[in-house]
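Nothing in this text is a laboratory measurement; each read-out follows from the coordinates by a stated rule. Quick caveat: nothing in here was measured; it's all calculated off a predicted structure. Cβ atoms come from the backbone with ideal geometry, glycine included; neighbour counts cover every protein chain shown.
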Amino acid sequence: MIILEYFEKLLIRIGLVCITVALVLSLLRRVGLNLGRLPGDIHIKRSNFELW
């Protein structure tokens with residue numbers, strides 16, 4: 001059971017790190033610091049519509 005408890009805590013930490021990284025990247029993009037686009041990114045921009 002000790003291994004299972006360690007694994008549960010590890011998954012929670014990995015999830016929190018992923019959420020933190022996503023929030024930081026989102027905030028950086030809003031500030032104007034764009035870190036580039038990844039291959040496969042789709043961006044369609046029309047007069048009153050924008051799809052990411």
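In degrees from 0 to 90, rounded to the nearest 10, what is the angle of the helix 2-31 Cα long axis to the longest principal axis of the chain? Helix 2-31 sits roughly 20 degrees off the main axis of the chain. Rounded to the nearest 500, the 222 nm mean residue ellipticity of the chain from helices alone is -21000 deg cm²/dmol, with -39,500 (n - 2.57) taken per DSSP H run of at least 4 residues. Between N34 and K9, the simple spin-label model (points 7 angstrom out along Cα→Cβ) gives 4.3 nm. Note on L16 and E50: with the Förster distance fixed at 35 Å, the Cβ-Cβ geometry gives a FRET efficiency of about 0.70.
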